[in-house]
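The values are calculated or read from the model by the stated rules, or taken from the named source; none is laboratory data. Note that the coordinates shown come from a computational prediction; the quantities given were computed from them, not determined experimentally. Here the Cβ positions follow ideal geometry from the backbone for every residue, glycine too, while neighbour counts run over all protein chains shown.
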Amino acid sequence: MKKKKLYVILAIILIIGFVIYISLNGKNKQKENEKIVNENVIEKLEQEKNIAKFNFETKSVKLNSGYEMPLNGLGTYSLTGDTCYNAVSSALKSGVRLIDTAYMYGNEEEIGKAIRDSGIPREEIFVITKIYPSQFDNPKEAIELALKKLDIEYIDMMLLHHPGVNDVSAYKEMEKYVGIGKIRSLGLSNWYVKELKEFLPQVNIMPALVQNEIHPYYQENDVIPFIQNLGIIVQGWYPFGGRGHTSELLNNETIVKIANNHNVSSAQVILRWNLQKGVVVIPGSSNPNHIKENTDIYRFELTEDEMEQINNLDRNEKYDWY
Ligand SMILES: NC(=O)c1ccc[n+]([C@@H]2O[C@H](COP(=O)([O-])OP(=O)(O)OC[C@H]3O[C@@H](n4cnc5c(N)ncnc54)[C@H](OP(=O)(O)O)[C@@H]3O)[C@@H](O)[C@H]2O)c1
């Protein structure tokens with residue numbers, strides 16, 4: 001009798017063990033399949049080479065979100081107070097319609113005011129802002145703060161400023177704001193191939209833009225095609241190397257020679273080189289003459305040989321840590 005009871009208990013244990021094994025195995029298979037589907041999407045996009053075309057007539061590009069974005073803008077890092085307000089006002093007067101800011105720059109209020117005061121219809125201006133990793137644990141508050149400070153009805157594009165803890169959940173919160181029309185397009189900043197491969201399968205809306213450091217001494221020639229093939233626009237920061245490094249780039253012998261060929265400045269050559277590589281430019285400046293000069297990059301074209309000469313200047317020399 002005792003033996004029979006033992007057999008029954010053993011049989012029950014075996015059946016329970018078997019059921020647990022089958023269900024866990026099934027879940028793992030499902031996870032594997034999900035992952036394969038997502039990786040396939042990236043691979044498929046990469047192979048399709050879904051590169052967006054720059055329209056040099058309209059000076060804009062159509063994003064994968066369906067919105068048009070200008071090809072050149074004004075960067076506002078380190079511009080604050082009246083300097084920032086005046087720089088943005090001057091840029092808008094010179095025809096610039098893309099402004100790049102960030103929570104970290106501490107100037108969203110000045111930028112919003114300059115835009116509102118300009119009298120230019122809101123729809124004609126494209127504003128990019130970014131939320132910082134220190135805000136990722138409360139992204140709703142961060143987005144609401146940006147909307148409040150800018151005070152321009154909606155944000156054209158919001159980026160995660162850097163990879164960081166909770167970046168996926170912060171991005172997913174931004175996706176919700178796309179759903180209610182308060183943010184129009186999403187993007188990432190300082191994301192490279194490895195980071196993108198990890199990040200993309202975890203989100204629902206494909207980023208429309210990746211903003212990374214790009215200039216003749218740091219060209220990211222391995223990263224740019226990867227991003228562009230996914231149908232994502234690449235935007236370069238520090239086009240002139242950033243404050244403290246501009247003279248090295250602007251006085252580079254090769255760049256000066258090419259500038260003389262076209263009767264333009266070194267700054268214009270660098271910006272044009274970016275555009276011909278399919279990279280959107282956001283040079284920073286508080287000088288109205290420079291701001292105007294930086295918009296005048298559509299009336300000349302660098303030859304293949306000149307492009308190659310600048311491509312050969314790459315030194316993999318990064319001017320910031322991220
Ligand atoms: N996502 C990120 O992590 C990140 C990081 C850094 C920057 N950014 C963005 O990228 C933008 C560009 O970077 P940046 O402003 O730091 O550096 P930058 O554009 O490489 O260089 C700005 C410097 O170039 C000078 N300059 C501008 N136009 C010129 C011209 N035509 N001729 C001669 N000098 C000229 C400016 O001086 P003047 O004021 O005298 O013209 C300023 O000192 C930033 O403003 C920001 O929006 C993003």
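Some notes on this structure:
- Assessment of the range 298-320 against the conditions (surrounded by fewer than 16 Cβ atoms within 10 Å (Cβ to Cβ), within 15 Å of the ligand (Cβ to nearest atom) and in a helix (DSSP H, G or I)) yields no matching residue.
- Test: residue in the range 269-291 that is near the ligand (Cβ under 10 Å from one of its atoms), without any contact (Cβ under 8 Å) to a residue 60 or more places away in the chain, closer than 27 Å to LEU209 by Cβ and in contact with a Phe, Trp or Tyr (Cβ under 9 Å, 6 or more places away or on another chain): yes
- Taking first residues from the range 200-217 that are within 21 Å of SER266 (Cα to Cα) and assigned to a loop (DSSP other than H, G, I, E, B) and partners that are within 16 Å of the ligand (Cβ to nearest atom) and of a type in the set (S, T, N, Q), the Cβ contacts under 8 Å between residues at least 6 apart in sequence or on separate chains come to ILE214/ASN274; PRO216/ASN252.
- In this structure, GLN228 does not qualify as more than 15 Å from the ligand (Cβ to nearest atom), more than 24 Å from the chain's Cα centre (by Cα), assigned to a helix (DSSP H, G or I) and surrounded by fewer than 22 Cβ atoms within 10 Å (Cβ to Cβ).
- Where LYS257 falls short, out of the listed (1) more than 13 Å from the ligand (Cβ to nearest atom); (2) surrounded by 14 or more Cβ atoms within 10 Å (Cβ to Cβ): (2)
- Test for GLU220: is it surrounded by 21 or more Cβ atoms within 10 Å (Cβ to Cβ) and in a loop (DSSP other than H, G, I, E, B): yes
- Identity of the residue in the range 43-75, more than 16 Å from the ligand (Cβ to nearest atom) and among the polar types (S, T, N, Q), that ends up modelled with the lowest pLDDT: GLN47
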